[in-house]
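Enquirer: Take this structure, written in structure tokens, and hold onto it; I'll ask about it next.
The values are calculated or read from the model by the stated rules, or taken from the named source; none is laboratory data. Computed from a predicted model, the values in this text were never measured in an experiment. Cβ placement follows ideal geometry from the backbone for every residue including glycine, while neighbour counts extend to all protein chains displayed.
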Amino acid sequence: MQPLFQQSPGITLRLILLGALSVSVMTLDHRFDHLRLVREQIGLVIYPLQILVDMPARLGTWGATALSSRTTLLRENERLRSDRTLMQAQLQKMVALETENTRLRDLLGSSSKVANSVLVAELLAVDLDPYRQQVLINKGARHAVYAGQPVIDASGVMGQIIHAGTFTSTALLISDPSHALPVQVDRTGLRTIVTGTGSPDRLELRFIPATADIEVNDAVFTSGLGGRFPPNYPVAVVSSVERRQGQAFARVYATPTARLDRSREVLLVWHQPESVPASSESE
Amino acid sequence: MNSWLRYWVIPASFVMALMLTMLPLPAWAQPYRPDWVALVAIYWVLALPRVFGIGLSWCCGLLVDVVQGTLLGQHALGMAVIGYFAQRFHQRIRVYPLAQQGLLVLVLLCVKLTIVLWINGITGHAPDNLLLYYAPALIGMLLWPWIFTLLRDVRRRQKLR
């Protein structure tokens, strides 16, 4: 007969061991990249569940299109056709500018820029931790996606890939407090770093001296420093500048141009830094 | 070997819990999402402590870390701690009335939320609104009677002791 109050032996010991294991796993994951394989393997197991959860949203979009009236579809078709003609016209001008740019750079003896190749991807309708600004993308290592790859949407820079699984990848958005992006103010050429604050419509420009020339509505673009993001992609627009008496630095906030909490389609950019690449740390 | 197949309901309940954790919600509702995996784990530790204990709770926490995109080991540590308390005191907790169990579940969920909060604070992801941060624990407590009855019926149907 079993004793009345049976206690599992060594449960406290197991707690201590698991606690120590957790702390070491967290340190390894936070500081180094050693656990990438573990995360990928577990991610493979989780992948079917993510597809299952994403399916209703996908079916919803498909259903809405399948059931649209013919008039709506014809109208949308017309609109897309005229948009495309407009964009092709603008593209011609850009091609001409690119050729001129290459020619001028040759004259000056600098290396020419290489066009970035891009891949269209979609966000999976799967929620991640609400206190981190991360999104799940439906392309992974089998599409040659790599960790550190820039992610942009139609209006601006969204973030970078931090985990590239086999079929899906996780991207960190620029609105996450742990993300820092080297940028340049368009009007003045001032170089600075933009970090997230945790909210999708507010970024902070750091290390701006109180005497710097910066004002509301200044456009901010990537500077390409650090080798991770290609230069001259739009990032944000300055929304507030606060200079306090006696403070050496100004508090500058900006609104991102990318639609961080609304975009469904994103672009993954392959970027080769031109000169000697900077250190490979992400922040 | 065959007897282990009867325990399929345990992984199945975790699959449901993980899917509920991933379910897309509107931005305003996301902070209120209860910790489904923790609630299911607490039930199984209370019901079958010899089968599902602190070790398996830790593993489920690791799964949550991969699913949520948090630091590997963050939720695992939280789950190990509540698994410890649930396993240690399972004999006493199991005979409490549901309402009192609910209060204990509230405490356990708050402990896990606090552990995760500490780690988030270290990595720079501290939430601004602490009251909102602990809301899932309250909702978890309110859901506990339903989850307990549901899983207990499932367990009894499979005759798992």
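Enquirer: Go through (1) farther than 30 Å from B:Phe14 by Cβ; (2) within 14 Å of another protein chain (Cβ to nearest Cβ); (3) of a type outside the set (Gly, Ala, Ser) and name the single condition A:Glu98 misses.
Expert: (2)
Enquirer: Hey, another quick one. Check off (1) touching a Ser or Thr at 6+ places or on another chain (Cβ under 9 Å); (2) modelled with pLDDT of 90 or more for A:Ser240 and give me the number that stays unchecked.
Expert: Of (1) touching a Ser or Thr at 6+ places or on another chain (Cβ under 9 Å); (2) modelled with pLDDT of 90 or more, only one is false for A:Ser240: (1).
Enquirer: Still on this structure, please answer the following. Pairs needed: first member in segment A:257-283, closer than 12 Å to A:Gly148 by Cβ; second member anywhere, among the small types (Gly, Ala, Ser) and modelled with pLDDT under 90; C-beta distance under 6 Å; at least 6 residues apart or different chains.
Expert: Hits for this filter: A:Trp270/A:Ser117; A:Pro273/A:Gly227; A:Pro277/A:Gly227; A:Ala278/A:Gly226; A:Ala278/A:Gly227.
Enquirer: Look at segment A:177-209 and say how many of its residues are out of contact with any Ser or Thr (no Cβ under 9 Å at 6 or more places or on another chain) and surrounded by fewer than 17 Cβ atoms within 10 Å (Cβ to Cβ).
Expert: Number of matching residues: 5.
Enquirer: May I ask you to verify whether B:Gly61 is within 18 Å of B:Val15 (Cα to Cα) and either among the polar types (S, T, N, Q) or crowded, with 24+ Cβ neighbours inside 10 Å (or both)?
Expert: For B:Gly61, the condition - within 18 Å of B:Val15 (Cα to Cα) and either among the polar types (S, T, N, Q) or crowded, with 24+ Cβ neighbours inside 10 Å (or both) - is met.
Enquirer: Moving on to the next point. Considering only segment B:114-147, state which residues are within 20 Å of A:Asp176 (Cβ to Cβ) and either surrounded by 15 or more Cβ atoms within 10 Å (Cβ to Cβ) or at the interface with chain A (Cβ under 9 Å from one of its Cβ atoms) (or both).
Expert: Passing the criteria: B:Val116, B:Leu117, B:Ile119, B:Asn120, B:Ile122, B:Thr123, B:Gly124, B:His125, B:Ala126, B:Pro127, B:Asp128, B:Tyr133.
Enquirer: Give segment A:165-176 a look and list any residue that's among the polar types (S, T, N, Q) and either buried (at least 22 other Cβ atoms within 10 Å of the Cβ) or not in a loop (DSSP other than H, G, I, E, B) (or both), or say none.
Expert: Answer for segment A:165-176, where residues must be among the polar types (S, T, N, Q) and either buried (at least 22 other Cβ atoms within 10 Å of the Cβ) or not in a loop (DSSP other than H, G, I, E, B) (or both): A:Thr168, A:Ser169, A:Thr170, A:Ser175.
Enquirer: Please work out if B:Pro49 is facing another protein chain (nearest Cβ under 9 Å) and surrounded by 14 or more Cβ atoms within 10 Å (Cβ to Cβ).
Expert: yes
Enquirer: Then there is this: Just a yes or no: is a residue in segment B:86-102 free of Cβ contacts under 8 Å to residues at least 12 places away in the same chain, under 17 Å from B:Pro31 (Cα atoms) and of a type in the set (Val, Ile, Thr)?
Expert: no
Enquirer: Confirm whether A:Ile162 is free of Cβ contacts under 8 Å to residues at least 60 places away in the same chain and part of a strand (DSSP E or B).
Expert: When the stated conditions are applied, A:Ile162 does not pass them.
Enquirer: Need at least 2 residues that are within 19 Å of B:Ile139 (Cβ to Cβ) per element, so show me which helices (runs of 4 or more DSSP H) inside segment B:1-80 make the cut, counting only ones lying wholly within it.
Expert: B:9-22, B:36-47, B:54-68
Enquirer: State the number of residues belonging to segment B:130-147 that are under 20 Å from B:Leu113 (Cβ atoms) and either free of Cβ contacts under 8 Å to residues at least 24 places away in the same chain or among the hydrophobic types (A, V, I, L, M, F, W, C) (or both).
Expert: Residues that pass the stated criteria total 12.
Enquirer: May I ask you to list the residues in segment A:46-100 that are within 30 Å of B:Val66 (Cβ to Cβ) and not hydrophobic (A, V, I, L, M, F, W, C)?
Expert: Of everything in segment A:46-100, those that are within 30 Å of B:Val66 (Cβ to Cβ) and not hydrophobic (A, V, I, L, M, F, W, C) turn out to be A:Tyr47, A:Pro48, A:Gln50, A:Asp54, A:Pro56, A:Arg58, A:Gly60, A:Thr61.
Enquirer: Right, here's the next one. Take A:Leu97 and decide whether it is touching a helix residue (DSSP H, G or I) at 6+ places or on another chain (Cβ under 8 Å) and either closer than 29 Å to A:Tyr146 by Cβ or loosely packed, with under 11 Cβ neighbours inside 10 Å (or both).
Expert: No, not satisfied.
Enquirer: Next up: Would you confirm whether or not segment A:39-52 contains a residue that is among the basic types (Lys, Arg), exposed (fewer than 15 other Cβ atoms within 10 Å of the Cβ) and in a helix (DSSP H, G or I)?
Expert: no
Enquirer: I'd like the full set of residues that are more than 12 Å from chain B (Cβ to nearest Cβ) and more than 9 Å from the chain's Cα centre (by Cα), limited to segment A:154-174.
Expert: Of everything in segment A:154-174, those that are more than 12 Å from chain B (Cβ to nearest Cβ) and more than 9 Å from the chain's Cα centre (by Cα) turn out to be A:Ala154, A:Ser155, A:Gly156, A:Ala164, A:Thr166, A:Phe167.
Enquirer: Applying the selection to segment B:64-76, what residues are under 12 Å from the mean Cα position of the chain (by Cα) and at the interface with another protein chain (Cβ under 8 Å from one of its Cβ atoms)?
Expert: Residue satisfying the conditions is B:Ala76 alone.
Enquirer: Of A:Val126, A:Val114, A:Val118, which residue is touching a helix residue (DSSP H, G or I) at 6+ places or on another chain (Cβ under 6 Å) and either surrounded by 11 or more Cβ atoms within 10 Å (Cβ to Cβ) or at pLDDT 90 or above (or both)?
Expert: None of the other options fit; the residue is A:Val126.
Enquirer: Here's a follow-up. So, in segment B:3-19, exactly how many residues are more than 14 Å from every other protein chain (Cβ to nearest Cβ) and surrounded by fewer than 15 Cβ atoms within 10 Å (Cβ to Cβ)?
Expert: The qualifying residues number 5.
Enquirer: Can you confirm whether segment A:95-104 contains a residue that is assigned to a helix (DSSP H, G or I), touching a residue at least 12 places away in the same chain (Cβ under 8 Å) and either touching a strand residue (DSSP E or B) at 6+ places or on another chain (Cβ under 8 Å) or of a type in the set (Gly, Ala, Ser) (or both)?
Expert: no
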